[in-house]
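*Asks:* The structure under discussion is supplied below as structure tokens; questions concerning it will follow.
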Amino acid sequence: MRTKGTKTLFLRRRLEMKNLLKFCFQTVLFLFFVSICGITFADSYSFSPVNYPGSLGTRPQDINNNNQVVGGWTYQATNEGFILSEDVYTRLHPTGCVYSSAISLNDSEEVTGWCKPWGTGYSYTFFNGTYKAFNGVSDVFLDNIEGINNANQVVGSKYDNLISRAYILNLSFPYSGWKYFNYPDSKGTFAEGFNDKGDIVGTYLDTANAPHGFLLLNGGYSTIDYPGAKTTVPNDINDSGRVIGYYTDSANFYHGFIFYNGAYSTLDYPNSTNTLLFGNNDAGLIVGYYDNGNMNMGNYQYGFIATPVAPEPISSILFLTGGAVLAGRRYLRKSK
């Protein structure tokens, strides 16, 4: 015979189970919404090699939204540039250069790079099979073009009276939009990369000549210093605002880093001694290179593409829903 107390307990258990099922349904609905919106929970990466055929060292510098990669390669005393497109490597080396490297590219496959002949070095662009040297714009010598975006703008830096000044410039001839900028009260500013929104990252020297990273966003400067690092070098920013680069630790080893939404994280190639990150695209792919203790030798550096690894949406739903059910069952046991 069911007593009044037993009936009350039964009704309470039924209500708790109803609430649990409701919670599980809401969890599944939320995770389904997350999955169809393309939101991921990825915090790990897979690595694929980028090594120019026959080289002793390969140093990727940038990746565009077509997943094409540019950089430099080394064989003994040879240093030249390359572009990697659909698993095919193409040599980039302007006539007359002793040393060269490709530095950046946009989605139209316009490449910027650096050339060192026997005389003074200069920056160049490469587009539709044609090299174009930058050995003078107005009265300015552009010796370091570091980035190019899809608006056909470039950023870089030049030395003026032994002080580095950063600049932004429209490549469309005649050159326009020329603008110098410097981190406030700095002794030198070096622009390293930027995105299609015009956000710029780079480094500056403070009044004590100590290097720091910076972000120029909507006309305002902020410092980027990896916590506890001796030096921090931001190299690129994508259209989502994710900054990548490298820093040195107290033992002078190099580590890759990501700065996004105000948070820092380290990204190192597995089991490497040093890792440096140089470019990232809007899909989250990152290029860089690593070594095992030969960072200053030029050879024996190995390039890579780091690709975000996200769990399958259905797997995530089942995993988190299962966790919610287990948590609910534990709660019911405790309430007995």
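What follows draws every value from the coordinates through simple rules; no lab data is involved. Remember, it's a predicted structure, so these values are computed and weren't measured experimentally. We place every Cβ from the backbone using ideal geometry, glycine too, and count neighbours over all the protein chains shown.
*Asks:* List the residues, sorted by chain then number, that are 5 or more residues from ILE103 or on another chain and whose placed amide H is less than 5 Å from its amide H.
*Replies:* THR112, GLY113, TRP114
*Asks:* Starting from the 7 Å offset along Cα-to-Cβ, what nm value, one decimal, do you get for the label separation of ASP282 and ASP107?
*Replies:* According to this spin-label approximation, the distance is 0.4 nm.
*Asks:* Step through the residues of the range 267-277 one at a time and calculate ³J(HN,Hα) from phi using the Karplus curve (6.51 cos²θ - 1.76 cosθ + 1.60, θ = phi - 60°), rounding each to whole Hz and writing x for Gly and Pro.
*Replies:* 10, 10, 5, x, 6, 8, 7, 9, 9, 10, 9
*Asks:* Compute the distribution of all C-alpha to C-alpha distances in the range 46-309, in bins of 5 Å from 0, and list the percent of pairs in each, rounded to whole numbers.
*Replies:* 1, 6, 14, 18, 20, 19, 13, 7, 2, 0
*Asks:* Still on this structure, I have one more. Order by neighbour count: LEU285, LEU84, fewest other Cβ atoms within 10 Å first, most last. Mind showing how you got there, number by number?
*Replies:* On the way: LEU285 20, LEU84 23.
Exposure proxy ranking, most exposed first: LEU285, LEU84.
*Asks:* Pairs of alpha-carbon atoms within less than 8 angstrom and 6+ residues apart define the contacts here; what relative contact order does the range 46-309 have, in percent? Don't skip to the answer; put the middle values down first.
*Replies:* On the way: 738 pairs, mean separation 40.8, N = 264.
It comes to 15 percent, rounded to a whole number.
*Asks:* Let me ask something else. Go through the range 261-266 residue by residue and turn each phi into a ³J(HN,Hα) via Karplus (6.51, -1.76, 1.60, θ = phi - 60°); whole Hz please, and just put x for glycine and proline.
*Replies:* So the J values, rounded to whole Hz, are 6, x, 10, 9, 8, 9.
*Asks:* Sticking with this one: What whole-number distance in Å separates the alpha-carbon centres of the range 75-126 and the range 187-261?
*Replies:* What the calculation gives is 24 Å, centre to centre.
*Asks:* Moving on to the next point. Amide H to amide H under 5 Å from GLN61: which residues, 5+ apart in sequence or cross-chain, H placed 1.01 Å off N in plane?
*Replies:* Close amide H contacts, sequence-distant or interchain: VAL70, GLY71, GLY72.
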